[in-house]
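Below is one structure; the comments refer to it alone.
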Amino acid sequence: MMLILEPLIPGLRRYARALVRDAAIADDLVQDCLERAIVRWHQRRPERSARAWLYAILHNAAIDRGRRMARQGRHVAIEDTDQADLAAPPTQECGLHTGDVLAAIDLLPGDQRAVLLLVGVEDLSYAEAAEVAGVPIGTVMSRLSRGRDQLRALLDSKSTRPTLRRVK
């Protein structure tokens, strides 16, 4: 087994370094790959290439590592971090605004809502939106203009929402 694995290690290291672009992480991946291969040597198909099998193990280990890192996020020592990286902007107001926009869109007439969503959200051209709605392009442009105006008016009326007051 070692006679088969040992000559393949330099190629595995090159491939791992090309995948992750970090020598230390690449060496860890090769180590994991060899460990998995030794533990699962009995599962290897003798008629297939050991080299291809090892590269597949390494490739899958790199994918697993990438997914794990995506879930965990980036690791940085706290003393090396900027204060701006630790702070997050508040999202409550953005959520309220999104809710207001969705509620205002629901209040639009169906024909205006459909054209507004097709052009504004789905990024269809006027011609494509006209084809979907089964109306001429001029009608799409007219509905879109009226829908935008009405949406703007509805959102402007929402901006006069009462502010919170302090109660002692």
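Angle between the Cα long axis of helix 92-107 and the longest principal axis of the chain, 0 to 90 degrees, nearest 10?
Helix 92-107 sits roughly 60 degrees off the main axis of the chain.
Quick one: net charge of Ala130's neighbours, Cβ under 14 Å, K/R +1, D/E -1?
-3
Give, in nm to one decimal, the length gained when the segment between Ala18 and Val39 is fully stretched (0.36 nm per residue of separation minus the Cα-Cα distance).
Gain on stretching Ala18 to Val39: 5.0 nm.
Compute, for His97, the solvent-accessible surface of its heavy atoms (probe 1.4 Å) with the complete set of protein chains present, and express it in square angstrom to the nearest 10.
110
Relative to the present Cα-Cα distance, how much length would full extension add between Arg74 and Gln31 at 0.36 nm per residue of separation?
Going from the current span to full extension adds 13.3 nm.
Would you list Thr91, Thr98 from the most to the least accessible area, probe 1.4 Å?
Reading off the accessible areas and sorting them downward yields Thr91, Thr98.
I'd like the distance separating the alpha-carbon centroids of the range 8-39 and the range 101-115, in whole Å.
Result: 55 Å between the Cα centres.
So what's the back-of-envelope 222 nm ellipticity for the chain, counting only DSSP H runs of four-plus at -39500 (n - 2.57) apiece and dividing by all residues, rounded to 500?
It lands at -21000 deg cm²/dmol.
Determine the gain in length on full extension of the stretch Arg51-Ala84; use 0.36 nm per residue of separation and subtract their C-alpha separation, reporting nm with one decimal.
So the extension gain works out to 7.2 nm.
Can you give me the solvent accessible area of Tyr55 with a 1.4 Å probe, rounded to the nearest 10 Å²?
50
Divide the volume of the convex hull of the Cα atoms of the range 8-86 by its number of residues and quote the answer in cubic angstrom per residue.
Taking the convex hull of the Cα positions in the range 8-86, it is 104 Å³ per residue.
So what does log10 I(q)/I(0) come out to for the chain at q = 0.17 Å⁻¹, using the Debye formula with one equal point on every Cα and no solvent?
-1.01
The values are calculated or read from the model by the stated rules, or taken from the named source; none is laboratory data. Remember, it's a predicted structure, so these values are computed and weren't measured experimentally. Glycine also receives a Cβ, built like all others from the backbone with ideal geometry; neighbour counts cover every protein chain displayed. Note: areas computed on protein heavy atoms with side chains; ligands, DNA, RNA excluded. Shrake-Rupley method; radii C 1.70, N 1.55, O 1.52, S 1.80 Å.
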